[in-house]
Amino acid sequence: MNAPTSPDRGRPNDYTAYPDAHGRFGEFGGQYVPETLMPLVHDLTAAWGAAKVDPAFLGELSGYMTHYVGRPSPLYFASRLTEHFGGARIYLKREELNHTGSHKINNCMGQILLAMRMGKTRIIAETGAGQHGVATATVCARFGLPCVVYMGAVDVERQKPNVFRMNLLGAEVRPVTSGSATLKDAMNEALRDWVTNVHDTYYLIGTAAGMHPYPEMVRDFQSVIGREVREQIVAAEGRLPDAVVACVGGGSNAIGLFHPFLNDEGVKLIGVEAAGSGMESGRHAAAINGGRPGVLHGNMTYLLQDRDGQIEEAHSISAGLDYPGIGPEHAWLHDVGRATYLTATDAESLDAYMLLSKLEGILPAIESAHAIARIGDIARDVGQDGIVVLNLSGRGDKDVATVAAHLGRTI
Amino acid sequence: MRARIEQRFAKLKGEGRAAFVPYVMAGDPDQATALAILKALPAAGADLIEVGFPFSDPMAEGPPIQRAAQRALKGGMTLKATLEAIAAFRAADQDTPIVLMGYTNPLVTWGVEAFARDAAAAGVDGMIIVDLPPEEAEPLADALDASDVALIRLATPTTDDRRLPVVVRRTSGFVYYVSVAGVTGVKEADAAAVAPHVERVRRASGLPVAVGFGIRTPERASAIARVADAVVVGSALVDEVAEAVDLNEDVTGRVLSKVEALAKAVRLARQAPI
């Protein structure tokens, strides 16, 4: 449990063989939870282990993914964005076209089917931007299960439309005022709820973080993104891309895109963390670029923390990236050198939001706009003969008020 | 020293009574007041003392202990200052066992081997790390063994007979039975429901069993003291700190009078008619 001090640069033969039997990706991951939850976490691990190889479960999930979520999502060649930067051909994986407007539904559909298979009758979730909360409220409505969503009071304020959407879907949104009143505090409250309601409640975690088996399970549900990209890019271009790019908060959309490419070493994996007001300002949410390993919310991973091991508040214009940690598989991919993690500031992401809106007629989620903010550099690095795929993880309608405020406009 | 815990329980067994174990948060509401409270606890009736070290994100705590941690952190409390406070206590008291309680991340930052040595040197006798289940605790267990500090495990209502041996393996000093499924200081513990679990944990571990989470009043403490080897009260005490601060009252006096009332209830529990 000592933090890794020297990164293990030894590359494994098979990157997809992780996590190991202890829920570890190298030094990262694990199950750091109170004893009350351990039996539940073991039950969940066993239930997930059985479900993921059960053709009936996978068939049912696949049916809902096609007919309810609307998969596969398109892989779209962004010709004007490509032309604008003058580098590699840029493709957008259109996860924002999924039902509920983001990639979050992929994971929610998988987990709600698992929860019902386990006989759970009440669903809880945490949410930052509200996208995961909306996706959770949606599947709870679809299957008739009561749903409580914990959301930081600060986020409730800056994402009012999503709060109302969750209410329309029948979910109870509980504002969390403890700590920094953002995503990490919402997760603390959800864990406290789970520890209190152990018999009937299923905790539907929204990102590829937390205690094992969540990082693995959420990754597997989100890997539909990368699997589709492989088929679609080969159909469009006859080969794999040179780089795949995604924004990273907890990192579920990024790991879903990356995972099917882990063993294709010719495909660069690039994550973009939120640099907030700038890395040098200290007000950011970049756990890998600005943090160090530690333990929070059940896993060992990179965290923003002070020298005494107290967790520091993250800062980002994007509520969905406003988290002081990152999923453990990303921490490991960084340490072994398989993936690269860049950063984008609030200001760069706002510019990227407007650029994509004007060039391609697509309003990106402010989270996804962080990846767009780096896509020009990446496309130029890869060069004109190259191909890059960017995961457009969510739609930007929810962010118009935030963007307007930063532009000094009232709407 | 593990022996300090063992000797204390042996002595109380001879007296035929349960231990009263107050929980206080290091540095709450400020470092000087917290140290004054700590030093006065044995005379007020504490048989063992649990000292919480603050963490920003305590996932198993209810609002009282969350707020206590926030007050301590605002006052600049650190893990280093926590050990210094315990060393100051230990200089004057060689008999009352001290158990540190908190979360994993500050220990990761310190380094577990070094921390075990430094904690032992300060006079810490046992450690309870809430988010470190047996599955993750081997490195800390090794480090504490090397420094003769007890690793004290939590058993809970969800710990069934199949899991209990895993939980009590490498546990020494005592086992802490969490009397309710939930966070600290919210639900109430029911002595009748707790009794068979205490017996189950005692049998599986061969150790004394302390009961905590959900004991707020002398009446409840008395009831639990009839079935358990130790009674832990935390949230009710940090609430006294909070109220005294809010009302601008004497924090030390208020906490100690609550400790006296609880300790008396525990001391007399097995003499009183049931």
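The values are calculated or read from the model by the stated rules, or taken from the named source; none is laboratory data. All values reported here derive from a predicted model rather than from experimental measurement. No Cβ is skipped: glycine too gets one built from the backbone with ideal geometry, and neighbour counts run over all protein chains shown. Areas reflect the complete protein model, heavy atoms only, side chains present, ligands, DNA and RNA absent. Shrake-Rupley method; radii C 1.70, N 1.55, O 1.52, S 1.80 Å.
Yes or no: A:His42 outside any loop (DSSP other than H, G, I, E, B), open to solvent by 50 Å² or more (accessible area, probe 1.4 Å), modelled with pLDDT of 95 or more and within 14 Å of chain B (Cβ to nearest Cβ)? When the stated conditions are applied, A:His42 passes them. In the range A:56-75, which residues are under 21 Å from the mean Cα position of the chain (by Cα), over 11 Å from A:Met109 (Cα atoms) and surrounded by 16 or more Cβ atoms within 10 Å (Cβ to Cβ)? Residues satisfying the conditions are A:Arg71, A:Pro72, A:Ser73, A:Leu75.
Within the range A:171-185, residues that are basic (Lys, Arg) reach partners that are part of a loop (DSSP other than H, G, I, E, B) and buried (at least 19 other Cβ atoms within 10 Å of the Cβ) with beta carbons closer than 8 Å, at six or more positions or on different chains, in the pairs A:Lys184/A:His297; A:Lys184/A:Ala314; A:Lys184/A:Tyr323; A:Lys184/A:Pro324; A:Lys184/B:Asp57.
Regarding the range B:250-264, can at least one residue be identified that is out of contact with any Leu (no Cβ under 9 Å at 6 or more places or on another chain), closer than 24 Å to B:Glu6 by Cβ and assigned to a loop (DSSP other than H, G, I, E, B)? Within the range B:250-264, not a single residue is out of contact with any Leu (no Cβ under 9 Å at 6 or more places or on another chain), closer than 24 Å to B:Glu6 by Cβ and assigned to a loop (DSSP other than H, G, I, E, B).
Taking helices (runs of 4 or more DSSP H) as the structural unit, those lying wholly within the range A:85-202 and holding at least 2 residues that are within 14 Å of chain B (Cβ to nearest Cβ) and crowded, with 24+ Cβ neighbours inside 10 Å correspond to A:183-196.
You will find that of B:Arg200, B:Arg170, B:Arg162, the residue that is in a loop (DSSP other than H, G, I, E, B), away from chain A (no Cβ under 13 Å) and surrounded by fewer than 18 Cβ atoms within 10 Å (Cβ to Cβ) is B:Arg170 and no other. Could you list, in sequence order, the residues of the range B:1-22 that are more than 23 Å from B:Ala146 (Cα to Cα), in contact with an Asp or Glu (Cβ under 7 Å, 6 or more places away or on another chain) and surrounded by fewer than 21 Cβ atoms within 10 Å (Cβ to Cβ)? Selection gives B:Leu12 alone. Considering the conditions (1) within 18 Å of the chain's Cα centre (by Cα); (2) surrounded by fewer than 20 Cβ atoms within 10 Å (Cβ to Cβ); (3) under 25 Å from A:Ile311 (Cβ atoms), B:Glu138 is excluded by exactly one of them, (1).
Conditions (1) free of Cβ contacts under 8 Å to residues at least 12 places away in the same chain; (2) out of contact with any helix residue (DSSP H, G or I) (no Cβ under 6 Å at 6 or more places or on another chain); (3) not assigned by TED's automatic domain parsing to the domain that holds A:Arg239, marked per residue:
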site	(1), (2), (3)
A:Pro12	no, yes, yes
A:Ala21	yes, yes, yes
A:Phe25	no, no, yes
A:Thr36	no, no, yes
A:Ala46	yes, yes, yes
A:Arg80	no, no, no
A:Gly86	no, yes, no
A:Arg89	no, no, no
A:Cys108	no, no, yes
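Listed by position, the strands (runs of 3 or more DSSP E) inside the range A:294-411 whose residues that are among the small types (Gly, Ala, Ser) and touching a residue at least 12 places away in the same chain (Cβ under 8 Å) number at least 2 are A:339-345. Taking the range A:268-295 as the range and being within 14 Å of chain B (Cβ to nearest Cβ) and under 17 Å from the mean Cα position of the chain (by Cα) as the test, only A:Ala287 passes. A single member of A:Ile317, A:Ile311 is over 28 Å from A:Arg11 (Cβ atoms), within 13 Å of chain B (Cβ to nearest Cβ) and open to solvent by 10 Å² or more (accessible area, probe 1.4 Å), and it is A:Ile311. Screening the candidates B:Gly111, B:Gly76, B:Gly123 for the property of being within 7 Å of chain A (Cβ to nearest Cβ) and at positive phi yields one hit, B:Gly111.
Given the residues B:Ala68, B:Ala34, B:Ala18, B:Ala44, which is the only one that is within 14 Å of chain A (Cβ to nearest Cβ) and either touching a strand residue (DSSP E or B) at 6+ places or on another chain (Cβ under 9 Å) or within 21 Å of B:Thr156 (Cα to Cα) (or both)? Residue meeting the stated conditions: B:Ala68. Take A:Val53 and tell me if it is surrounded by fewer than 13 Cβ atoms within 10 Å (Cβ to Cβ) and of a type in the set (A, V, I, L, M). In short, yes. Scanning the range B:47-69 for residues that are out of contact with any Ser or Thr (no Cβ under 8 Å at 6 or more places or on another chain) and without any contact (Cβ under 8 Å) to a residue 40 or more places away in the chain returns a single hit, B:Ser56. Exactly one residue out of B:Ser56, B:Ser147 is in contact with a helix residue (DSSP H, G or I) (Cβ under 9 Å, 6 or more places away or on another chain), under 30 Å from A:Val176 (Cα atoms) and open to solvent by 10 Å² or more (accessible area, probe 1.4 Å): that is B:Ser56.
The single condition among (1) touching a residue at least 40 places away in the same chain (Cβ under 8 Å); (2) open to solvent by 30 Å² or more (accessible area, probe 1.4 Å); (3) not charged (D, E, K, R) that B:Ala210 does not meet is (2).
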